[in-house]
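Asks: Take a look at this one; I'll ask things after.
Quick note: the coordinates plus some simple rules give every number you see, no bench work behind them. Nothing here was measured: the structure is a model prediction, and the numbers come from that model. Positions of Cβ are generated from backbone atoms using ideal geometry, with glycine treated the same way; all protein chains shown enter the neighbour counts.
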Amino acid sequence: MPRSLANGDYRLIMAIESASRANSWYRVLADWRTGAFSCDCPAWTFRQDGGTVRSCKHTRLAQLLTTSQNTGVPLERASGTAAVNNLFVQATQQQWPGLGGRWSIEQRSSQLDNRPYYFVLLRLTTGNGTTASGLVAFAQRYHPTQQSMIAGVAGWAGYAIAAEVARAAGYPLAGQPPEHFSITRRSARSQRIGLRDILRVGDQVDLGDGYTPAQRAENTLRLFLGEQLYTQLERQHFLDVSSKVYPQEQRVYRLRRDPAKQRERRLRVFKFGRYVNDYCIVRAQDVPEADHWLTNFLSLLSDEERAISVVQSYNIFPPHSDDYAQREEEVIPAIWQPAAVA
């Protein structure tokens with residue numbers, strides 16, 4: 001039986017487009033515990049040569065790219081303001097607007113199995129001090145312009161960065177590599193499940209797949225949190241985020257969600273386990289409720305100071321400020337957790 005990539009604790013190292021099928025992707029993953037690389041391409045999945053270490057051209061390339069700074073021909077390198085003006089960074093910020101910090105981007109061209117590829121590396125150093133990256137490889141034959149690569153960068157690289165940020169903040173179950181490509185021996189035919197069900201492209205509302213913006217936002221939230229965390233959020237209607245800026249207060253932000261998924265709820269603030277305030281963070285624009293919730297979640301995980309900078313004296317309220325009609329008592333303790341060890 002081929003080793004399963006569906007169950008395990010993996011980090012998404014890079015996504016590589018198939019050279020023979022446009023928009024068909026292979027994930028190169030690394031085991032968080034051992035660092036061993038794996039891939040969901042047929043050559044890696046079904047390799048049974050008796051060796052103790054499996055490999056394929058994708059894992060060998062990923063190993064080379066992660067250990068060498070001189071692979072391929074440099075096309076562009078930018079950081080700070082210059083990076084923010086890059087189309088790929090802008091698209092990633094639009095897809096994952098909660099991610100805050102300093103961005104950088106590097107683009108190179110190189111060969112994979114004698115076929116030309118573009119490589120796009122995004123890196124984010126968050127306000128909370130985490131450095132996360134995402135790498136995507138595009139087959140050049142399918143991408144005559146950068147515009148055709150925007151969705152792939154925003155989806156794959158953005159997802160990988162958000163996943164690293166969540167893990168560093170103490171949420172290892174969030175951001176598990178999404179399923180998108182599988183092969184069964186019985187049919188030997190591929191079945192691709194892409195990130196199309198979560199991606200936003202510019203200001204387009206209808207991408208021709210039948211999803212409304214609200215459905216796409218819910219898909220994004222569910223995919224990113226994973227079934228266990230998403231189920232927990234559905235059951236208790238909140239997730240707790242421990243402060244990295246105010247550890248001396250053992251501050252915890254209780255990020256609540258409306259059970260009806262219609263309106264935003266005020267953020268409950270705990271200090272030393274005691275519920276002390278409500279913070280009101282309203283939607284800056286007309287976005288779905290799930291999108292607003294995930295944005296606030298990632299904002300607190302990546303750049304806490306930026307996230308709460310919008311909270312001024314006029315939107316700090318006493319406890320139970322938005323449940324006066326039916327008081328919602330806190331029965332689950334808010335326990336502050338220190339930063340996770342990388």
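Asks: Could you rank the peptides 84-90, 234-240 by their average count of other C-beta atoms within 10 Å per residue, with the highest value first?
Replies: 84-90, 234-240
Asks: In whole Å, what are the extents of segment 211-342 along the principal axes defined by its C-alpha atoms, from largest to smallest?
Replies: Result, largest extent first: 44, 42, 28 Å.
Asks: Compare the peptides 313-326, 22-35 by average per-residue count of other Cβ atoms within 10 angstrom and give them in order, highest first.
Replies: 22-35, 313-326
Asks: In whole angstrom, note down how far apart the Cα centers of segment 271-342 and segment 108-173 are.
Replies: Rounded to whole Å, the Cα centres lie 29 Å apart.
Asks: Roughly how big is segment 49-141's charge dipole about its Cα centre, with Cβ charges of +1 (Lys, Arg) and -1 (Asp, Glu), in debye to the nearest 20?
Replies: With only Lys, Arg, Asp and Glu charged at Cβ, the dipole is about 80 debye.
Asks: Given the alpha-carbon gyration tensor of segment 224-296, what are the semi-axes of its equivalent ellipsoid in whole angstrom, ordered largest first, with each equal to the square root of 5 times an eigenvalue?
Replies: After scaling each eigenvalue by five and taking roots: 22, 15, 11 Å.
Asks: Under a Cβ-Cβ cut-off of 9 Å, what is the net charge of the residues other than residue 269 that fall near it, where Lys and Arg count +1 and Asp and Glu count -1?
Replies: For residues surrounding residue 269, the net value is +3.
Asks: What per residue convex hull volume, in Å³, do the alpha-carbon atoms of segment 12-129 yield?
Replies: 139 Å³
Asks: Would you please put 108-121, 213-226 in order of how densely packed they are, using the mean number of other Cβ atoms within 10 angstrom per residue and starting with the highest?
Replies: 213-226, 108-121
Asks: Please list the three semi-axes, largest first and in whole Å, of the ellipsoid equivalent to segment 81-182, using sqrt of 5 times the eigenvalues of its alpha carbon gyration tensor.
Replies: That gives 24, 17, 12 Å for the three semi-axes.
Asks: With the calculation restricted to Cα positions, what are the radius of gyration and Dmax of segment 292-342 in angstrom?
Replies: 14.3, 44
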